[in-house]
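The block underneath contains the structure these notes are about, expressed in structure tokens.
Every number here is computed from the coordinates shown, using simple stated rules; none is lab data. Fair warning: this is a prediction, and the values are worked out from it, not measured in the lab. Here the Cβ positions follow ideal geometry from the backbone for every residue, glycine too, while neighbour counts run over all protein chains shown.
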Amino acid sequence: MATYKLNIGTIRGCPAPGELTKAIQGFGLPETEEYGVLNCSATDGAVFATIVRKTQQAVPKLDADTQEVTASPVERVTVYPLAVRPAQERLEIYAGAASSVEQAGVFFSSCLALPTVVEPIEVDIPAAVEKLAKTTQRFQLRAIRVREYAHNAYMAGTYAPKFLDSEHGTDFLAEYAESVAGASVRFQGPTGRVTVGLSGQAAFSFSCAEEDLAAVRAILRKLV
């Protein structure tokens with residue numbers, strides 16, 4: 001099984017697919033810009049592109065002759081494969097952390113000078129768990145992460161228990177629903193098992209067979 005990402009945000013003020021494609025392709029891959037475009041294509045309702053962000057990172061090196069530590073800048077490149085569906089005001093990014101939605105927003109508004117507003121989408125974790133339990137086969141609630149869990153008057157903090165069965169996990173989730181920060185679930189996909197990590201935003205990390213990728217993405221989209 002491979003691990004995949006699906007980060008979903010809203011994008012308002014986005015032009016039609018044809019105009020958006022023209023703007024993205026026209027930006028290209030300039031050497032002096034922080035962002036660039038590797039490829040771009042479109043269908044009647046969606047635009048697919050791969051953008052990159054270049055940043056400089058200082059790497060310390062030891063000079064044995066002078067016994068001095070120097071820092072040399074090294075270029076770091078982050079790749080963001082994404083899809084935009086203007087009619088649905090939906091942005092999807094298939095790599096990176098939840099912050100990739102914000103980075104894509106910077107590209108559209110600053111680099112392309114489009115009047116777009118990009119925002120992340122919050123996810124109600126208890127509601128998402130309940131929906132997956134009802135709509136998937138062989139569902140298991142494997143783990144939950146809660147904030148400000150107080151075991152007693154002297155111990156409090158983040159707590160991440162794992163469960164051998166979903167019944168105990170569901171009871172724990174119901175008791176601490178307001179403090180849930182994340183969850184890990186498992187269910188049966190079309191050809192194999194699927195493991196999904198849920199957080200407070202629509203930034204899903206999941207593992208599944210490559211043949212199940214499209215089906216799992218469709219399931220996760222329904223949680224938003």
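Most tightly packed first, judged by the mean number of other beta-carbon atoms within 10 Å of their residues, the peptides 2-11, 111-120 read 2-11, 111-120. Label separation (residue 70 vs residue 138): 5.8 nm, computed from points 7 Å beyond Cα along the C-beta direction. Given the choices (i) 17.8; (ii) 13.2; (iii) 11.9, mean projected area of the Cα convex hull in nm² derived from the coordinates of this structure is entry (i).
Can you work out the PRE-style zone for residue 16? Point 7 Å along Cα to Cβ, and I want the residues of the stretch 54-98 with backbone N under 18 Å. Only 84-90 pass the distance filter. Karplus-based coupling profile of the stretch 51-57, in residue order and whole Hz: 10, 10, 10, 9, 10, 9, 10, with θ = phi - 60° in 6.51 cos²θ - 1.76 cosθ + 1.60 and x standing for Gly or Pro. Diagonalising the gyration tensor over the Cα atoms of the stretch 125-221 and scaling each eigenvalue by 5 before taking the square root yields semi-axes of 27, 13, 11 Å, largest first. Contact order for the stretch 125-221, expressed relative to its length and based on alpha carbon pairs under 8 Å spaced 6+ residues apart, stands at 26 percent. Projecting label points 7 angstrom from Cα along Cα→Cβ for residue 63 and residue 193 puts them 5.5 nm apart. Mean residue ellipticity at 222 nm, helices only, the chain: -6000 deg cm²/dmol; runs of at least 4 DSSP H residues each add -39,500 (n - 2.57), and the sum is divided by the number of residues.
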